[in-house]
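Below is one structure, written out as structure tokens; comments come after it.
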Amino acid sequence: MIITHHLKNNALRKRVDEKTNFFLSNVNGGYTIFGTDYNDSRYNGVIFRKNEDFYKVIESIKLGEGEVQELRNNLFNIERIYGNCIERFFTNHTDSILYEVLNYKGYIDLTLDCRKIYDFDTQGRIYEIINEEGCIVIKYTKYKNNSLLEKDYEIFLAIKGVDDYLKVDNWKQVSYDFDKKRGTYPHELYVYDSLKIKIDNNIKLVFAYSTDKQIAIDNAIYSKNNFDFIKKTKENYITTLTDTKIGTKNKEINFAYKTSIKAMDSYLVKLNSNFGLYAGFPWFTQIWTRDEAISLKSLIIEERFMEVKSILFRQLKKILSDGRIPNRFPHSDLGSADGVGWVFKRVYDFIKILNEKNRLKEFLSHKELLFIQKQLSMAIKKLLKFHSKEGLSYNESLETWMDTYYKDDDRKGARIEIQALRLSMYKLMVLLCKTNHDPKENLYHELIDITKDRVKSVFLKKNILCDGKDDVTLRPNIFLAYYIYPELLTSREWKKCFDSALKVLWLPWGGVSTIDKNHKYFVEEYTGENNQSYHRGDSWFFVNNLVAICLFNLDKNKYREYINQIIVASTNEILFKGVIGYHSEVSSAKELRAQASLAQCWSSATYVELIKKVFEI
């Protein structure tokens, strides 16, 4: 099959053998993931958000005959091409899919899988198909059990634009290979073949969905009546969004960069009056504090300053009594040792770039700067009281970004990137004291000097920067430490530590392992949901991209080959693997693959940052 990325008059085409998917989203948190020809995960399909719940509606929309020969990403829409026949999918800001077919005579097969996304109960599942207000309306009712006496919830799908159709009314069992390989249960489900929609050459359809019947109908009617206007508006928006240039003529890098900018827009969601960034699709549809903060740099360098400010101030208002920020929204039981540090690291980056562009007063008032300083001062005091010992920052098990364990490997204690984040917070306080004319600036200079000396004395062992106090295991967290606070070591010291780390972490396809390849816990193949390989071998694309940034900043000539190989691997994964145009979460250490979450925010974000850094005009 051929994968094509197309924008304006430029196109990039490549024949691939492995299965790929495509992805669409809206600012309401709704999204669509479809396979090229079939879905290999129960998380694929059309999903929408209502309050804090996610509902799946459609399993697949598929022409009844033929095989997909080409999958074309036009950035504002997706095309599946069967010879002369073309299917087009795109979304707007309502909960709906706009769908167009050209040059086809036959039927569209519409298969449904209505349910809350994590509801796999097979009892009390009832579909009804009716006609109302010129729409086909499919009502799904989930009852508590097969007695059908007590309703649990309802989902409505309104379809506008159908002239003729056949009711199929058939349940069938499907097996999901991707989920089976990950060890995800259940990986076999029953879905509902509902309709065969007749096409006589060309058709434009709208599929609108809601937990409220009238909302679904109204959205379907509005979107159908404004089909071409919505399509053109979407195209213009994406064209403007991706109208940015970088200093390379490499076509693959240019397309991967633009698709990643578009991907970042897909992760943005409106939360009441604030913005947020989802961590990833399909199963990280929450606001994870560290993921969001790490990802924010891409929005900063793309000058999406209003969204950045909205996100940062939302986070700053959530500082807890122990100085931390909750690990995610909605809240979970896992603690976050690094979330608060990453948020303030991005505050520093935000203020720095606004100063460089002489736009600080435009986006941050004196009152707001004082608020930031107040929140930072409170966080530092609480962290020193509750999460510090012997001059170092301490965390409990599973509180860093490496939040899984295997046997005795849980990263409890003092960890290198957490020390760097604390130093970064002190560095921001110095900047804020200068900006706000606060005489406490010298106190924080002293705190920086004391903490730096303490961290170096504990973590720096000859040519190795240890991952933890009393833990000489080599992990890529030393690159995070450099990225966060490069002032910790001299350039010479960093180079020696990087060389030691790359010697045991580097993967020849263009990434780094999450643990020394000689370590007893290293696993070269992705192990799925049991997490054994997750932080003990799997290569994380966000880390790879940050590693390349660090190598470029430290010595771009010395590390040129490493940087180039990371860019090639990440670019290839974005364009031709997993979900086209999106960056996956991890790859097995053994070879470049798209695995785990196939659309991960911080992967796309750090790729944008890397390409902007290396090829900045």
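The values are calculated or read from the model by the stated rules, or taken from the named source; none is laboratory data. Keep in mind it's a predicted model, so treat the numbers as computed, not measured. In this analysis, Cβ positions are derived from the backbone assuming ideal geometry, glycine residues included, and neighbour counts consider all displayed protein chains. In case anyone asks, the SASA skips ligands and DNA or RNA and just uses the protein heavy atoms, side chains included. Shrake-Rupley method; radii C 1.70, N 1.55, O 1.52, S 1.80 Å.
Data for the structure
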{"quantity": "Which listed residue is part of a loop (DSSP other than H, G, I, E, B) and modelled with pLDDT under 95, from Asp119, Asp37", "calculated": "Asp37"}
{"quantity": "Any hit, segment 219-228, residues being among the basic types (Lys, Arg) and surrounded by fewer than 20 Cβ atoms within 10 Å (Cβ to Cβ)", "calculated": "no"}
{"quantity": "Test for Ser321: is it in contact with a Lys or Arg (Cβ under 9 Å, 6 or more places away or on another chain), of a type in the set (Ser, Thr, Tyr) and either touching a residue at least 24 places away in the same chain (Cβ under 8 Å) or not in a helix (DSSP H, G or I) (or both)", "calculated": "yes"}
{"quantity": "Which numbered condition Lys345 fails, given (1) touching a residue at least 40 places away in the same chain (Cβ under 8 Å); (2) over 28 Å from the mean Cα position of the chain (by Cα)", "calculated": "(2)"}
{"quantity": "Subset of segment 522-544 that is under 15 Å from Thr400 (Cβ atoms) and open to solvent by 20 Å² or more (accessible area, probe 1.4 Å) - its residue that is modelled with the lowest pLDDT", "calculated": "Asn531"}
{"quantity": "Selected residue (only one of Val568, Val547 is in contact (Cβ under 8 Å) with a residue 12 or more places away in the chain and either open to solvent by less than 10 Å² (accessible area, probe 1.4 Å) or part of a loop (DSSP other than H, G, I, E, B) (or both))", "calculated": "Val547"}
{"quantity": "Any helices (runs of 4 or more DSSP H) falling wholly within segment 412-486 and containing at least 3 residues that are modelled with pLDDT of 95 or more and open to solvent by 10 Å² or more (accessible area, probe 1.4 Å)", "calculated": "416-435, 441-459"}
{"quantity": "Count of segment 1-15 residues which are at pLDDT below 95 and either under 15 Å from Glu67 (Cα atoms) or outside any strand (DSSP E or B) (or both)", "calculated": "3"}
{"quantity": "Thr141 being without any contact (Cβ under 8 Å) to a residue 24 or more places away in the chain, open to solvent by less than 60 Å² (accessible area, probe 1.4 Å), among the hydroxyl-bearing types (Ser, Thr, Tyr) and touching a strand residue (DSSP E or B) at 6+ places or on another chain (Cβ under 9 Å)", "calculated": "yes"}
{"quantity": "Residue check, Asp265 charged (D, E, K, R) and either assigned to a helix (DSSP H, G or I) or under 12 Å from the mean Cα position of the chain (by Cα) (or both)", "calculated": "yes"}
{"quantity": "Failed condition for Gly134, given (1) surrounded by 13 or more Cβ atoms within 10 Å (Cβ to Cβ); (2) touching a Leu at 6+ places or on another chain (Cβ under 8 Å); (3) touching a residue at least 60 places away in the same chain (Cβ under 8 Å)", "calculated": "(2)"}
{"quantity": "Output for segment 146-158, where each listed residue is more than 30 Å from the chain's Cα centre (by Cα) and in a strand (DSSP E or B)", "calculated": "Lys151, Asp152"}
{"quantity": "Single residue of segment 296-310 satisfying the filter (of a type outside the set (Asp, Glu) and either part of a loop (DSSP other than H, G, I, E, B) or open to solvent by less than 10 Å² (accessible area, probe 1.4 Å) (or both)) that is nearest to Arg415 (Cα to Cα)", "calculated": "Leu296"}
{"quantity": "Residue within segment 7-19 that is open to solvent by less than 10 Å² (accessible area, probe 1.4 Å) and either touching a helix residue (DSSP H, G or I) at 6+ places or on another chain (Cβ under 7 Å) or touching a residue at least 24 places away in the same chain (Cβ under 8 Å) (or both) present", "calculated": "no"}
{"quantity": "Test: Ile311 is over 23 Å from His387 (Cβ atoms) and of a type outside the set (Asp, Glu)", "calculated": "yes"}
{"quantity": "Residue list for segment 269-292, filter: hydrophobic (A, V, I, L, M, F, W, C), within 11 Å of the chain's Cα centre (by Cα) and either open to solvent by less than 10 Å² (accessible area, probe 1.4 Å) or at positive phi (or both)", "calculated": "Leu277, Ala279, Phe281, Ile287"}
{"quantity": "Among (1) in contact with a strand residue (DSSP E or B) (Cβ under 6 Å, 6 or more places away or on another chain); (2) modelled with pLDDT under 95; (3) hydrophobic (A, V, I, L, M, F, W, C) - the single one Phe576 does not satisfy", "calculated": "(2)"}
{"quantity": "Top-ranked residue of segment 175-214 - restricted to ones that are basic (Lys, Arg) and in a helix (DSSP H, G or I), ranked as farthest from the chain's Cα centre (by Cα)", "calculated": "Lys213"}
{"quantity": "Long-range neighbours under 6 Å by Cβ, at least six apart or interchain, first residue part of a strand (DSSP E or B) within segment 382-401, second of a type in the set (Gly, Ala, Ser)", "calculated": "Leu392/Ala414; Asn395/Ala337"}
{"quantity": "Residues satisfying the stated conditions in segment 226-246, i.e. out of contact with any Leu (no Cβ under 8 Å at 6 or more places or on another chain) and under 21 Å from Gly581 (Cα atoms)", "calculated": "Lys232, Thr233, Lys234, Glu235, Asn236, Tyr237, Thr240, Leu241, Asp243, Thr244, Lys245, Ile246"}
{"quantity": "Boolean, Trp509 is in contact with a helix residue (DSSP H, G or I) (Cβ under 7 Å, 6 or more places away or on another chain), in a loop (DSSP other than H, G, I, E, B), in contact (Cβ under 8 Å) with a residue 12 or more places away in the chain and more than 20 Å from Asp291 (Cα to Cα)", "calculated": "yes"}
{"quantity": "Of residues in segment 78-116 being among the acidic types (Asp, Glu) and at pLDDT 95 or above, the one nearest to the chain's Cα centre (by Cα)", "calculated": "Glu79"}
{"quantity": "Lone qualifier among Lys503, Lys558, Lys590, Lys517 - being without any contact (Cβ under 8 Å) to a residue 40 or more places away in the chain and either over 20 Å from the mean Cα position of the chain (by Cα) or open to solvent by less than 10 Å² (accessible area, probe 1.4 Å) (or both)", "calculated": "Lys503"}
{"quantity": "Segment 225-240, residues that are under 27 Å from the mean Cα position of the chain (by Cα) and of a type outside the set (D, E, K, R)", "calculated": "Ile230, Thr233, Asn236, Tyr237, Ile238, Thr239, Thr240"}
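Residue-by-condition table, conditions (1) modelled with pLDDT under 95; (2) surrounded by fewer than 20 Cβ atoms within 10 Å (Cβ to Cβ); (3) over 22 Å from Lys374 (Cβ atoms); (4) touching a strand residue (DSSP E or B) at 6+ places or on another chain (Cβ under 6 Å):
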site	(1), (2), (3), (4)
Ala263	no, no, yes, no
Ile294	no, no, yes, no
Leu312	no, no, no, no
Lys318	yes, yes, no, no
His331	yes, yes, yes, no
Leu334	yes, yes, yes, no
